[in-house]
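Let me begin by presenting the structure, written as C-alpha cells, before commenting on it.
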Amino acid sequence: MASIHEACGVFGYYSKDRDHVSEKIYYGLTSLQHRGQEAAGIAVCDTHAEKENVCFHKDLGLVSEVFDRDKLSSLKGNIGIGHVRYSTTGDCNVENAQPVVFRYLKGTLALVHNGNIVNSDLIKDELYRDGGVFRATSDTEVIACLIAKLRAKTNSVEEAVKLAASRLEGGYALLIMSPRKIVAVRDPWGLKPLCLGKFGDDYVFASEDCALTSIGAEFVRDIKPGEIVSISKNGLSSEMLPRIAKPAHCIFEYIYFARLDSKIDGISIFKSRFEAGKALAKAYPVEADFVTGVPESGITSARGYAFESGIPFEIAFHKNSYIGRSFIKPTQEEREHAVQLKLSVLKDVVCGKRIVLTDDSIVRGTTIKNLITMLKEAGAKEVHVRISSPPFLYPCFYGTDVPDNSQLIANHNSTEEIRKMIGADTLGYMKLEDLEKTVSNLSVCKACFDGKYPTKINRG
Ligand code: AMP
C-alpha cells in the first residue's frame, strides 16, 4: 500500500510566560494555508503545570473553519505546535489530521510532520512486531511510535529523536512537543523547509518565513539539513544528526508550493520565479502582443518573461480566490469544472491578441488545456505556452502530491504531442540545465524531472 502523502505546513511556538500561544499558532497556520487546505490542528501544553496537560483539537477544513474563538481559548498553554494538511485523493479523513498526540509509558508526545518517509512500511512492520502500544498507520504515527519506543531507552526526547531520525529515509520537517519542550528536526537532505524565528524572548518554528512575518516575529535562520533544535526553559540548543548528506532542497517549493513572499534556504521564491520567466524568454522567444500568467504561481514568471523580452505584461484572467485548488479534485470531470469556476477570461484584453501564457507546471494537462480553450473562445489569435518547470516525468516519494506515472502527460507524450493535445500554438518547457540557475545554483532535488533520487527509494 502506498504511504499517505504528507505535503503540509507546520508551525510551533515556545513562550516562557505567555499563557495562550494557540492564537499565535492560529495566525501562523493561516499564513501557511497554501500548503494544505484539507485539515488543520493545534496541540498546546502548559510547561508550568504540575501534571502534564497536552490538549489539542484537529479537524477537516481550513484553519478558520476548524477553530473559532471558543476552541482557541480552550487550548491553554505556553508552548504549542500546529499543522495544515494537504492530502491526496482518498485519504481525506480526520484520523489523518495532525498533530498526532501519542500517550505512552513515559508520557505524552505531540507531533506534526511535513514530508514523506520512504521506508515507513519497514519501520511499521518492526513496530507492529513489537506489539503493545506501538501500532502505526500513517507516516507521522510511525515516527511518533518510533520516538516513543526509543524514548524508553534514552534519557531525553532529543536523544530519542536523534536515534529515530537515523532510521528515517525521506523528507521530513518535524516538530515534536513533549510536555516541557519543543524539538524541531529537518531531514539530512533538507528536502522539506523549516525555519526558526523569534518574537521577543519567544521562539517560533515555521515551514516558511511568511508565517513568522504574519505574527510579527523576526526570521532568525533556516534549520540546517540534519539539524535538531530543541527549545526548553534553558533556551535553545542545537546538534546535528550523525548522517551527512549532500543537500537536496525540493525544487518544487520554488516552482509551486511556497508563498511568493517567502525565502527558503536563502533563496527568495519571488526571485526564483522571476528568473524562471527570464530563462524561458531567452530559451523560447516569440513575437506576441502581451505576456500573461496563470494565477497565482504563473504570474511572477510571466513578469520575468515580459522583463526579459520587452513584451508588455497584461492581466488576462480574473481569479475567484474562494475556490480550492483544482488539482486535488478527485475526478477528471470535477477537475475540469473547477478550472472554469476558478478562472475567467478578460475578453476585452485577449480578443485578437497573440499571447504568451506562462504556468508553473503541466501535470495532467487539464488546467492549461482549459485555459487555452477559454482564451481562444474569447478571440485570442495565438497562445504560446511557456512552462517554468521541465516535463514532469517521475513520481515524488517525499511528499509532493504528484499523481502516478500513468496520469503524468509528459510521461507518455512528446512535447509536440502535448502541444497538440492542449491546443497551444507553441510550447516551451524550462530546460533542465536552466533550472538550478533560477535558484542561484542551490543544491536541489529535482527527481520529478530527472529521476535522480537523493535517498534510497523503497519502491514497494
Ligand atoms: P494539471 O491541470 O493536472 O496539468 O495540473 C497543473 C496545475 O496544477 C498547474 O497549474 C499547477 O499550478 C498545479 N500544480 C502542480 N503541481 C501541483 C501539486 N503538487 N499540487 C497541487 N497543484 C499542483
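The values are calculated or read from the model by the stated rules, or taken from the named source; none is laboratory data. Here the structure is a predicted model, which means the values were calculated and not measured. Backbone-built Cβ (ideal geometry, glycine too); neighbour counts: all protein chains shown. All accessible areas refer to the heavy atoms of the entire protein, side chains included, with ligands and DNA or RNA removed. Shrake-Rupley method; radii C 1.70, N 1.55, O 1.52, S 1.80 Å.
Details
- Residue in segment 141-156 that is touching a residue at least 60 places away in the same chain (Cβ under 8 Å) and either in a strand (DSSP E or B) or more than 28 Å from G36 (Cα to Cα) (or both) present: no
- Any hit, segment 171-181, residues being of a type outside the set (V, I, T) and either surrounded by fewer than 17 Cβ atoms within 10 Å (Cβ to Cβ) or in a loop (DSSP other than H, G, I, E, B) (or both): yes
- Exclusive hit being in a loop (DSSP other than H, G, I, E, B), within 13 Å of the ligand (Cβ to nearest atom) and surrounded by 20 or more Cβ atoms within 10 Å (Cβ to Cβ), set F449, F392, F397: F392
- Residue, nearest to the chain's Cα centre (by Cα), within segment 341-363, restricted to residues that are surrounded by fewer than 16 Cβ atoms within 10 Å (Cβ to Cβ) and within 16 Å of the ligand (Cβ to nearest atom): L341
- Test: residue in segment 273-282 that is under 17 Å from A211 (Cβ atoms), open to solvent by less than 40 Å² (accessible area, probe 1.4 Å) and of a type outside the set (S, T, Y): no
- Pair list, Cβ under 6 Å, 6 or more apart: segment 14-32 residue more than 11 Å from V204 (Cβ to Cβ), other residue of a type in the set (F, W, Y) and open to solvent by less than 40 Å² (accessible area, probe 1.4 Å): Y26/F67; L29/F11
- Count of segment 391-409 residues which are in contact (Cβ under 8 Å) with a residue 40 or more places away in the chain and more than 19 Å from the chain's Cα centre (by Cα): 5
- Residues in segment 257-264 include at least one that is more than 17 Å from D359 (Cβ to Cβ), within 16 Å of the ligand (Cβ to nearest atom), open to solvent by 10 Å² or more (accessible area, probe 1.4 Å) and of a type in the set (K, R).
- Qualifying residue in segment 195-214 (condition: within 22 Å of I244 (Cβ to Cβ), touching a Ser or Thr at 6+ places or on another chain (Cβ under 8 Å) and part of a loop (DSSP other than H, G, I, E, B)): no
- When residues in segment 5-45 are screened for being at pLDDT 95 or above and assigned to a loop (DSSP other than H, G, I, E, B), 3 of them pass.
- Selection status of T426, β-branched (V, I, T), in contact (Cβ under 8 Å) with a residue 24 or more places away in the chain, out of contact with any helix residue (DSSP H, G or I) (no Cβ under 8 Å at 6 or more places or on another chain) and surrounded by fewer than 17 Cβ atoms within 10 Å (Cβ to Cβ): no
- Of note, R354 does not satisfy the criterion of being touching a Phe, Trp or Tyr at 6+ places or on another chain (Cβ under 9 Å) and within 30 Å of G171 (Cβ to Cβ).
- Criterion (under 16 Å from V112 (Cβ atoms), in contact with a Leu (Cβ under 8 Å, 6 or more places away or on another chain), at pLDDT below 95 and open to solvent by less than 10 Å² (accessible area, probe 1.4 Å)) met by exactly one of A206, A144, A136, A184: A144
- Count of segment 277-298 residues which are within 16 Å of the ligand (Cβ to nearest atom) and touching a residue at least 40 places away in the same chain (Cβ under 8 Å): 8
- Residue in segment 79-98 that is open to solvent by 20 Å² or more (accessible area, probe 1.4 Å), at pLDDT 90 or above and either under 18 Å from A39 (Cβ atoms) or not assigned by TED's automatic domain parsing to the domain that holds L236 (or both) present: no
- Test: V118 is among the aliphatic types (A, V, I, L, M), open to solvent by 10 Å² or more (accessible area, probe 1.4 Å) and in contact with a strand residue (DSSP E or B) (Cβ under 6 Å, 6 or more places away or on another chain): yes
- Residue that is nearest to K271 (Cα to Cα), among those in segment 406-445 that are within 16 Å of the ligand (Cβ to nearest atom) and part of a loop (DSSP other than H, G, I, E, B): M430
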